[in-house]
1. Taking each pair of distinct Cα atoms in the stretch 1-147 once, what is the resulting Kirkwood hydrodynamic radius in Å?
2. Anything in the chain that counts as a DSSP H helix reaching 30 Å or more along its axis (C-alpha) with Kyte-Doolittle mean of at least -1.0? List them, would you?
3. Given an 8 Å cut-off on Cα distances and at least 6 residues of separation, report the relative contact order of the chain as a percent.
4. Among Pro210, Thr236, Val197, pick out the residue whose Cα is farthest towards the positive end of the charge dipole of the stretch 185-246, where Lys and Arg carry +1 and Asp and Glu carry -1 on C-beta, about the Cα centre.
5. GNM, the chain, Cα, under 10 Å: largest mean-square fluctuation among Thr216, Thr11, Thr200?
6. Per DSSP H run of n ≥ 4, the term is -39500 (n - 2.57); total these for the chain, divide by its residue number, and report the mean residue ellipticity at 222 nm rounded to 500 deg cm²/dmol.
7. Considering amide H positions built from the backbone, and no H for Pro or chain starts, which residues 5 or more places from Leu240, or on another chain, come under 5 Å of its amide H?
8. How long is the stretch 109-249 along each principal axis, judged by its Cα atoms, biggest number first, in Å?
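Read-outs: derived from the displayed coordinates by stated rules, not from any lab. No experiment lies behind these values; they were computed from the predicted model shown. Reconstructed Cβ throughout: ideal geometry from the backbone, glycine too, with neighbour counts over all protein chains shown.
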Amino acid sequence: MTQHPAQQAVTIVTGAAGGVGSAVVRALVAAGGKVVAEDLDPAVGALASDDVAVVVGDVAEESTAEDAVATAVGRFGALTGLVNNAARFNMSPISETGADLWDALMRTNVRGAFLHIKAAEDALAESRGAVVNTGSMSGLIGMPDQILYGATKGAVHQLTRMAAIELAPKGIRVNAVAPGHIETGFMDDFLPPTGEVRDTVLTDIRHSHPIGRSSTPEEVAAAIAFLLSPAAGTITGVILPVDGGYTTA
Ligand SMILES: NC(=O)c1ccc[n+]([C@@H]2O[C@H](COP(=O)([O-])OP(=O)(O)OC[C@H]3O[C@@H](n4cnc5c(N)ncnc54)[C@H](O)[C@@H]3O)[C@@H](O)[C@H]2O)c1
C-alpha cells in the first residue's frame, strides 16, 4: 500500500501561513516535493514559488478543498499527500464558552479536515498517498479551560482512525500527530503580548513537559514529513504524540 518511491511528492498543507504549516512546507520542498500551501490568511502568498502553489480560502468551505486538489493535480500532475493542519485555539471555562464559538471551532478544526479528506480521496487513491492530521495532546487527556479545543482535537483523532480503516483498501494511509506545546504564536490571543505574566506562563508550560521544553515547529514538521513518506508505508491509524513526554507522564 505504499506510494511508489519514484513518484513526485505533491502535498496540500492547510494552515500553511502559520508556524507549523510553514515549517511543513519548507521541509517538504527541501526534500524535493511540491506543495499546495493553503490558508485563510493572504500572507500565505509569501510562500509562492516554482515548487509552491498558493490557495487562499476558508478551510471549512468545500470549494476551498476542491480548489486545493484541482491546483495540485493541475499544476503538479498529482496529489500524494494532505496535511490537515489549519486550526483555531481557545481557552475558556465551560461557563464562558459560547455556542457560536463552539460552532466556529468545530467548523474550522473538524469540518475543515473532513472536507479536505473527502475532496482528496480520489486523487490520493490514484497515487496511493497519505493524510496527516494535526491533533493535539489536548485531544488525548483532560485539562481545565480547553473543553472546546480539546473536543475538536479528540474529534480529529477519531476522524484519523475512521478514515484510516475506511481508506486502507484504497491504499491511502491516514495518521495524526498530537503535539504538546509548540513555539508558535498559536496561543497569543490568550496571553499578554509581552511582560512578566507572559514569560511566567510560557516558562511554566515549557517546564510542564518532561523534557523541559516545548517543540519547535521544525520538530513537528519532521514528524509529519515522516508519516507522509513512503518510509512510513505500513503505519496507518496512528496518533503520534510529539509532546516531550507530556501525555506519557
Ligand atoms: N502551537 C501549539 O502549541 C500547538 C499545540 C498542539 C497542536 N497544535 C496544532 O498545530 C497546528 C498548527 O498550529 P500553529 O501552532 O502553527 O498555529 P498558527 O496559528 O501559527 O497556525 C494556524 C494557521 O491556521 C490558519 N487558519 C485558521 N483558521 C483557518 C481557516 N478557517 N481556514 C484556513 N486557515 C485557517 C491560520 O491563519 C494560521 O495560519 C494546529 O492544528 C494546532 O491545533 C498547536
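1. Values: mean 1/r = 0.0634 Å⁻¹.
Hydrodynamic radius (Kirkwood, Cα only) of the stretch 1-147 equals 15.8 Å.
2. Numbers: long enough: none.
Going by DSSP H runs, there are no hits.
3. Numbers: 516 pairs, mean separation 53.8, N = 249.
22 percent.
4. Sorting the options by dipole projection puts first Thr236.
5. Largest GNM mean-square fluctuation: Thr200.
6. Working: 7 runs with 96 residues, N = 249.
About -12500 deg cm²/dmol.
7. Excluding prolines and chain starts, which carry no amide H, the hits are Ala176, Val177, Ala178.
8. Taking the Cα atoms of the stretch 109-249, the three principal extents are 53, 28, 25 Å.
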